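Engineer: Here's a structure for you.
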Amino acid sequence: MVSELCDVCKKRPASIYQPHTGRKLCKECFIDDVKKRVVAEIKRWRMVEPGDEILLGLSGGKDSYVLLDILSEVYKPSRMFAVSIIEGIPGYNREEDVKRMKVFAKDRGVDVIVTSIREYVGHSLYEIVMRALRRKVRVSPCTYCGILRRRLLNFYARTYGANKVATAHNLDDEAQTAVVNILRGDYVGLLRLHPLAPPASKKLVKRIKPLRKVYEWETATYVYFKGYNFQETECMFINMMPTLRARVRDALYRLEWKKPGSLLRLLETLDVLLEDEAKNLATNALKECEVCGEPTSPKRSVCKLCELLERAGIVEAVYQVPNKYVPRLYRT
Ligand SMILES: [Zn+2]
Ligand SMILES: [Zn+2]
């Protein structure tokens with residue numbers, strides 16, 4: 001039996017079917033396709049500009065391998081450094097993941113700062129969640145985790161002078177966030193998601209998401225084809241107090257399965273629809289938290305993180321990290 005040929009090169013045997021384009025692709029053409037789409041998205045929104053210093057937020061999961069692989073190949077690794085955050089969740093063997101990521105990044109010329117939630121707050125995520133539970137705080141662990149990771153990346157970017165923070169959010173993540181914002185009626189949140197939206201405060205570093213048009217199955221396939229060997233561990237908190245996002249994730253997954261390309265078209269439509277309004281958003285829309293001094297909504301005097309930690313009984317948060325590392329920026 002002759003295997004079917006790739007629809008692009010028409011030379012090599014096809015290895016994968018790409019539902020949203022209806023094409024069969026060989027390994028090489030698939031990897032090339034993902035890379036080209038990432039670069040096109042970066043250029044379309046001018047995510048990377050000459051002189052940028054970029055902090056990469058790398059979790060050590062598959063998406064972060066794809067982000068690092070493509071960015072370090074296309075742009076100067078000397079203008080980048082990375083931060084990996086250990087959340088501190090038992091059984092979720094992040095230290096191993098992070099160690100592997102660090103070696104992988106070093107091979108590509110990118111230094112990784114490894115830090116933890118404990119270093120910043122004084123408690124691991126597990127401890128924070130347990131304290132919150134004891135006080136019957138009905139907040140999902142994912143909420144604590146998400147806020148803390150965002151805060152830490154921004155803190156490191158500011159501390160070490162990066163003017164962009166790149167994260168490895170994929171198309172599935174981005175479509176979920178958009179729909180969650182719509183379902184919550186958070187129009188400003190939806191606008192802030194647009195790649196041209198400016199940060200809402202001078203203390204917030206501009207975030208870029210180069211993988212936002214690449215499906216999650218594609219990042220998984222990319223690392224598999226590239227032979228990057230790793231296993232994704234599942235977080236123990238994944239099913240505890242499902243957030244609205246978790247429900248949206250299931251619904252969108254089923255929709256995409258029935259109608260391939262749906263998520264891509266959703267995001268594409270929002271990109272076009274919201275562009276003008278998003279780029280004119282205010283850059284001084286926030287005020288400073290009375291406790292930590294970080295940006296917070298004009299409606300609050302204390303930021304969401306300080307409030308959530310206080311509700312968990314943590315009032316002595318550290319909010320700084322040891323000055324143990326200076327990234328090797330400006331290398332030639
Ligand atoms: Zn091919
Ligand atoms: Zn605060």
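The values are calculated or read from the model by the stated rules, or taken from the named source; none is laboratory data. Just so we're clear, the structure is a prediction, and the values are computed from it rather than from any experiment. Don't worry about glycine lacking a Cβ; one is built from the backbone with ideal geometry, like all the others, and counts go over all protein chains shown.
Engineer: Restricting to segment 152-170, give me the number of residues that are out of contact with any Ser or Thr (no Cβ under 9 Å at 6 or more places or on another chain) and either among the β-branched types (Val, Ile, Thr) or more than 29 Å from Glu119 (Cβ to Cβ) (or both).
Structural biologist: 2
Engineer: Ok, one more. Limited to segment 58-100, what total is found for residues that are within 12 Å of the chain's Cα centre (by Cα) and assigned to a loop (DSSP other than H, G, I, E, B)?
Structural biologist: Going through segment 58-100 one residue at a time, the tally reaches 4.
Engineer: Could I ask something else about it? Residues that are closer than 30 Å to Thr115 by Cα and free of Cβ contacts under 8 Å to residues at least 40 places away in the same chain: does segment 2-10 have at least one?
Structural biologist: There is no residue in segment 2-10 that is closer than 30 Å to Thr115 by Cα and free of Cβ contacts under 8 Å to residues at least 40 places away in the same chain.
Engineer: Name the single residue that is surrounded by the fewest Cβ atoms within 10 Å (Cβ to Cβ) among those in segment 69-100 being small (Gly, Ala, Ser) and in contact with a Lys or Arg (Cβ under 8 Å, 6 or more places away or on another chain).
Structural biologist: Looking at the filtered set, the residue picked out is Ser78.
Engineer: While we're on this one: Is it the case, given these coordinates, that Lys62 is surrounded by 16 or more Cβ atoms within 10 Å (Cβ to Cβ), of a type in the set (D, E, K, R) and away from ligand 1 (no atom under 16 Å from the Cβ)?
Structural biologist: Judged against the criteria, Lys62 is a match.
Engineer: Now, a different point. Give the residue, chosen from Lys299, Lys287, Lys304, that is closer than 23 Å to Asp173 by Cα, at pLDDT below 95 and within 16 Å of ligand 2 (Cβ to nearest atom).
Structural biologist: Going through Lys299, Lys287, Lys304 in turn, just one is closer than 23 Å to Asp173 by Cα, at pLDDT below 95 and within 16 Å of ligand 2 (Cβ to nearest atom): Lys304.
Engineer: Within segment 68-112, track down each residue that is over 24 Å from Arg212 (Cα atoms), touching a helix residue (DSSP H, G or I) at 6+ places or on another chain (Cβ under 9 Å) and of a type in the set (A, V, I, L, M).
Structural biologist: Ile89
Engineer: Also, quick follow-up: Out of (1) closer than 28 Å to His20 by Cβ; (2) surrounded by 14 or more Cβ atoms within 10 Å (Cβ to Cβ); (3) away from ligand 1 (no atom under 16 Å from the Cβ), what's the single condition that is false for Asn229?
Structural biologist: Only one criterion is unmet by Asn229, namely (2).
Engineer: Search segment 27-38 for residues that are farther than 12 Å from Glu218 by Cα and pair each with any residue that is charged (D, E, K, R) and not in a helix (DSSP H, G or I) when their beta-carbon atoms are under 7 Å apart and the residues are at least 6 apart or on different chains.
Structural biologist: Filtered contacts from segment 27-38: Glu28/Arg12.
Engineer: One residue is enough: does segment 43-57 have a residue meeting the conditions closer than 23 Å to Asn229 by Cα, part of a strand (DSSP E or B) and away from ligand 2 (no atom under 16 Å from the Cβ)?
Structural biologist: Within segment 43-57 (the criterion being closer than 23 Å to Asn229 by Cα, part of a strand (DSSP E or B) and away from ligand 2 (no atom under 16 Å from the Cβ)), the answer is yes, since at least one residue qualifies.
Engineer: Go through segment 101-135 and report how many residues are charged (D, E, K, R), part of a helix (DSSP H, G or I) and surrounded by fewer than 15 Cβ atoms within 10 Å (Cβ to Cβ).
Structural biologist: So the answer is 3.
Engineer: Any idea how many residues of segment 19-42 are within 15 Å of ligand 1 (Cβ to nearest atom), part of a helix (DSSP H, G or I), surrounded by 18 or more Cβ atoms within 10 Å (Cβ to Cβ) and of a type outside the set (A, V, I, L, M, F, W, C)?
Structural biologist: So the answer is 2.
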